[in-house]
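Here is the structure we will look at.
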Amino acid sequence: MCYASEAPDSMKIRILIADDHQMLRELLRHVLSAEIDWLIVGETGDGLQVLSLIESVAPHVVCMDINLPGMNGIEVTRTILDKWPDVKVVALSAYTDQRHVLDMMNAGASAYVTKAEASTEVLSAIRAVLSGRVYLCPDVAGVVTNELLGRKGNARASAVLGERERQVLKLVAAGQTSSQIAKLLLIAVSTVEVHRRNIMRKLDRHSVAALTRYVVNNERPD
């Protein structure tokens, strides 16, 4: 379904919703339409149709279900980023396990939000990707970070990071800003910045996006 002809303001952020559950599409449309600078330009429940809609409505952001009929969300995302590299993809999924997160992020998604958290987290995810950041919803960030810090035989992060640094790492991966982390941990913003710099130095990752992708991929730094 295309809403491009209804667009009253070319300066608005254009969002396409792709999910095979109509109720979730309606929920997302309601939540996202409340943002005055955002515009829903189309929606679909079919993977193949996503590509044709992008041609016609030119979205800035696609909210992408992983399990779409026709072509799954992972393959659609890979195709989108190959043809339209400026489009941001926010993954939507019922899964929190590392395999699904890794597959979607490696395909090119900039954010991963579980459907259970979609109504509250999709706003934060879209704001993050529009700012050039990678975003994991709290459910996912907690799972992949805990696995990263606790996995035997690949314990680089667990070995080199202190307890407070691990806490900060988890919150950074969840898309929290330094001021938000400071409030949550009851420490100064300057202290959070020191922890972030130390984490990036110890893990040899020098941006928030690189740090988040390290958490998702659970790999050793090169």
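Observations on the model:
- Residues (in contact with a Lys or Arg (Cβ under 6 Å, 6 or more places away or on another chain) and in contact (Cβ under 8 Å) with a residue 40 or more places away in the chain) located in region 9-37: I17, D19
- Subset of region 28-48 (residues that are hydroxyl-bearing (S, T, Y) and either surrounded by 13 or more Cβ atoms within 10 Å (Cβ to Cβ) or at pLDDT below 90 (or both)): T44
- Any hit, region 17-27, residues being surrounded by 15 or more Cβ atoms within 10 Å (Cβ to Cβ), part of a strand (DSSP E or B) and at pLDDT 95 or above: yes
- Among the residues listed as W38, W84, the single one being of a type outside the set (K, R) and within 24 Å of G175 (Cα to Cα): W38
- Residues of region 99-115 classified as in contact with a helix residue (DSSP H, G or I) (Cβ under 7 Å, 6 or more places away or on another chain), more than 10 Å from T77 (Cβ to Cβ) and surrounded by fewer than 22 Cβ atoms within 10 Å (Cβ to Cβ), total: 3
- Residue within region 70-91 that is crowded, with 18+ Cβ neighbours inside 10 Å, part of a helix (DSSP H, G or I), assigned by TED's automatic domain parsing to the domain that holds I13 and out of contact with any helix residue (DSSP H, G or I) (no Cβ under 7 Å at 6 or more places or on another chain) present: no
The values are calculated or read from the model by the stated rules, or taken from the named source; none is laboratory data. Small disclaimer: the values here were computed from a predicted structure and weren't measured. Don't worry about glycine lacking a Cβ; one is built from the backbone with ideal geometry, like all the others, and counts go over all protein chains shown.
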